[in-house]
Amino acid sequence: MINNLGKLFSLLLSLLLLVLLVNPAMAEVSAFLNQNTFYEGDQITLSVESTMNSKAQPDLSVLEKDFVVLGTGTSSQINIMNGRRSFKKTWRINLKPKQKGAIQIPSITVGNEKTQPLNIKITALPPEIKAETEKHIFIKTSVGIRANKSDNDNKSGYETYVQQQIPYTVKLYFDSAMQSGEISQPSVKNAVVEELTDDKRYKVMRAGKKFTVIEKHFTISPEKSGKLHIPATIVSGRIALSEDDSAQQRKDLGKTDELNKFFSNFGNDPFFNDPFFKDSFGEDFFSRRTRSVGPSKPFSIQSQTIDINVLPVPKSFTGSAWLPAEELSIIDSWTRSPPELKVGEPVTRTLVLRAKGLGGSQIPTIEVAKPEGIKIYPQQPSSKTHTDGVTLIGRQYFDITYIPQKAGKMTIPEIKVDWWNVKTKKQETVALPAWHLNVAPGVLNNSEEESAPIKNEKQPELAKSKTTSKTTSKTTEKAQEKNSNTSKSWSWKIIALIAFILIAVAILFYLIKNKRKRPMPNNNKPTVNISALKTSALQACQQNDKQKAAQAILKLAQAQWQDSTIQNLGTLASKLEKQSEKSVASIKELEKSLYAVNSNQWNGAKLKAVIEAGLQPKQQTTSNKTKVLEPLYPETS
């Protein structure tokens, strides 16, 4: 009996040890690199492997301190050997170091497990490699604004106004020696960067040598006055070893063959599928060069940095909204087809404000004065932006409905828009002249027209119709003919109505049938927490943080009013309730503080009070169409 208990205890102990040994193996997570020493400009491939068959993903946020995560790829592998099944999942993470020297890749968490930390070293390119690179690859950048040479404090001499567009051009020159490469996108603090059109590709001759040029265009719009620093644009990659490279260099760089093979396949990697390196036929520019190349060496080149002095809004500008542009024009749809106004009948007018050097969302709303005797109903404006390859061109569309209330002569007031010409550095005004129109009697005057006596020329015509029986008979024949035509017209109308109903029923049946076949779409859209946005705005005001306050109140207004056109404080101020002068004043005070030169101090108490009271938009009378249109068609007794 004792022996049996001992055997049972030994068996249970063995099973317990087996469980303790198997579980760690099943939950093993590891990380490794293709090499430990890298040159400046090299891209690092970090591999993370896990034997856990779960949906857990690696937490890559710990890498953002010292690396730029270019992309990730995954692969899974299942093996069955001797009846035992094993699973392995691999994440391949492409990294770009932010600095040179010794760097540690921290532990990466996958589920409940962590990888071990890894140490790497980033060394500078040897001088001979850098000198050789400059023979094959170089980069140039430029800005499309004039330099002010009289400004001694500004070394570059470039200056612009806040919110003014700065054209930024990047030109990369390279020959056949370059095997792979990547260009960094410009990242500028306190500015909005937008890429324009597709890349241009052409060939040029420099010092008797043929180079391929890739040209990219961007626009940079500064959001704050003061010094704007455009950092260097960096291009990094690998270049083939030349015949002049020493045997030692080839030996040292021979270990990069495996990495070079990795680059040879990046054309199929979604994280290297950059249209920057596509030719005019959509083919990977480097794919033909990296399939049969020898050892290569890394390269990293960078352009010169550019500093620009951003000027605040000039004190001489008296417009209601700051609008810096190269050109500004306004188009009126009534110019081509003047309206015919009748009492009670709505007429729509479309105004288009076109600005060269601004995006459509940056154009403020046009203020339209209300004419006497006419009701107006402005619609929500829409915007569009396109480019000529170098400059942004924005358009803002405004639809306004006019409904005359009485007959007679009416005057539609002129429309003026003040703007700042960035070329002449002067305030200018575009204007539409006033319209002087005659309003004819319409729906509101029907009862008066029916009871009014017939005057002037109509009375003799009726008198003549009674003088002879021939005229009477002709009138009767015409009336009969008219009744016959009316009967035929009603027959066709009835036939058309029946056909329309049949078509509508067929379409409805088709839609219902297809709707049953189709799976129900997932319409779970993320909800916006207005309370959290309001709390964030109040905290920013309490901390007197004008930058965060401006961003928070814009997001709050967009979410609360469901209006995506609110892109700047000027538009927000124009949409606030006119009776709340304190609200508008606090918004304009914040906007002035953002664009002023010396604006370190800003008190958010006033704006906080406005947010606590609630943002009240202008009352849109067009929302209640029934109340507006009811008096236009009254019942006649």
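The values are calculated or read from the model by the stated rules, or taken from the named source; none is laboratory data. Nothing here was measured: the structure is a model prediction, and the numbers come from that model. Don't worry about glycine lacking a Cβ; one is built from the backbone with ideal geometry, like all the others, and counts go over all protein chains shown. Heavy atoms of the whole protein, side chains included, go into the accessibility calculation; ligands, DNA and RNA do not. Shrake-Rupley method; radii C 1.70, N 1.55, O 1.52, S 1.80 Å.
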Number of the condition not met by Ala325 [criteria: (1) surrounded by 14 or more Cβ atoms within 10 Å (Cβ to Cβ); (2) touching a residue at least 60 places away in the same chain (Cβ under 8 Å); (3) out of contact with any Gly (no Cβ under 6 Å at 6 or more places or on another chain)]:
(3)
Selection over segment 383-405 where residues are assigned to a loop (DSSP other than H, G, I, E, B), touching a residue at least 60 places away in the same chain (Cβ under 8 Å) and not hydroxyl-bearing (Ser, Thr, Tyr) yields a count of 3
Can you report the number of residues in segment 586-637 which are at pLDDT 60 or above and not in a loop (DSSP other than H, G, I, E, B)?
20
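Here are Gln543, Gln562: which of them is over 28 Å from Gln164 (Cβ atoms), surrounded by fewer than 22 Cβ atoms within 10 Å (Cβ to Cβ) and touching a residue at least 24 places away in the same chain (Cβ under 8 Å)?
Being over 28 Å from Gln164 (Cβ atoms), surrounded by fewer than 22 Cβ atoms within 10 Å (Cβ to Cβ) and touching a residue at least 24 places away in the same chain (Cβ under 8 Å) holds for just one of Gln543, Gln562, which is Gln543.
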State whether one or more residues within segment 109-125 are open to solvent by less than 40 Å² (accessible area, probe 1.4 Å) and at pLDDT below 80.
yes
Quick test of your reading of the structure: Val417 fulfils all but one of (1) more than 30 Å from the chain's Cα centre (by Cα); (2) at pLDDT 90 or above. Name the failing condition by number.
(1)
Out of the residues in segment 212-230 that are within 19 Å of Ile137 (Cβ to Cβ) and not hydrophobic (A, V, I, L, M, F, W, C), state the one that is surrounded by the most Cβ atoms within 10 Å (Cβ to Cβ).
Lys216
Under the condition of being open to solvent by 50 Å² or more (accessible area, probe 1.4 Å) and under 16 Å from Ile230 (Cβ atoms), which residue from segment 148-180 is modelled with the lowest pLDDT?
Lys155
Within segment 219-240, track down each residue that is over 18 Å from Val422 (Cα atoms), in contact with a Phe, Trp or Tyr (Cβ under 8 Å, 6 or more places away or on another chain) and modelled with pLDDT of 90 or more.
Ile230
Taking Ala537, is it in contact (Cβ under 8 Å) with a residue 60 or more places away in the chain, buried (at least 16 other Cβ atoms within 10 Å of the Cβ) and of a type in the set (A, V, I, L, M, F, W, C)?
yes
How many of the residues in segment 291-322 are part of a strand (DSSP E or B) and open to solvent by less than 50 Å² (accessible area, probe 1.4 Å)?
12
Restricted to segment 346-382, and to residues that are of a type in the set (S, T, N, Q) and outside any loop (DSSP other than H, G, I, E, B), which residue is nearest to Ala325 (Cα to Cα)?
Gln362
Among strands (runs of 3 or more DSSP E) lying entirely in segment 133-236, which contain 1 or more residues that are touching a helix residue (DSSP H, G or I) at 6+ places or on another chain (Cβ under 7 Å) and closer than 30 Å to Leu95 by Cβ?
178-183, 191-206, 209-222
Taking segment 49-65, which residues are within 16 Å of Glu113 (Cβ to Cβ), under 32 Å from the mean Cα position of the chain (by Cα) and open to solvent by 30 Å² or more (accessible area, probe 1.4 Å)?
Gln57, Asp59, Leu60, Val62
Scan segment 406-431 for residues that are among the β-branched types (Val, Ile, Thr), open to solvent by 20 Å² or more (accessible area, probe 1.4 Å) and in a strand (DSSP E or B) and jot them down.
Thr411, Thr429, Val430
All but one of (1) open to solvent by 10 Å² or more (accessible area, probe 1.4 Å); (2) in contact with a strand residue (DSSP E or B) (Cβ under 7 Å, 6 or more places away or on another chain); (3) closer than 22 Å to Ala573 by Cβ hold for Pro339; which doesn't?
(3)
Under 18 Å from the mean Cα position of the chain (by Cα) and either without any contact (Cβ under 8 Å) to a residue 24 or more places away in the chain or within 25 Å of Leu70 (Cβ to Cβ) (or both): which single residue out of Glu215, Glu195, Glu182 fits that description?
Glu195
Can you say whether Leu46 is among the aliphatic types (A, V, I, L, M), modelled with pLDDT under 85 and within 34 Å of the chain's Cα centre (by Cα), as far as the supplied structure shows?
no
Which ones in segment 362-399 are over 26 Å from His217 (Cβ atoms), among the hydrophobic types (A, V, I, L, M, F, W, C) and either in contact with a Phe, Trp or Tyr (Cβ under 6 Å, 6 or more places away or on another chain) or surrounded by fewer than 18 Cβ atoms within 10 Å (Cβ to Cβ) (or both)?
Ile366, Val368, Ala369, Ile374, Ile376
Please state which of the following conditions Lys130 fails to meet, knowing it meets all the rest: (1) under 16 Å from Asp42 (Cα atoms); (2) surrounded by 14 or more Cβ atoms within 10 Å (Cβ to Cβ); (3) under 36 Å from the mean Cα position of the chain (by Cα).
(3)
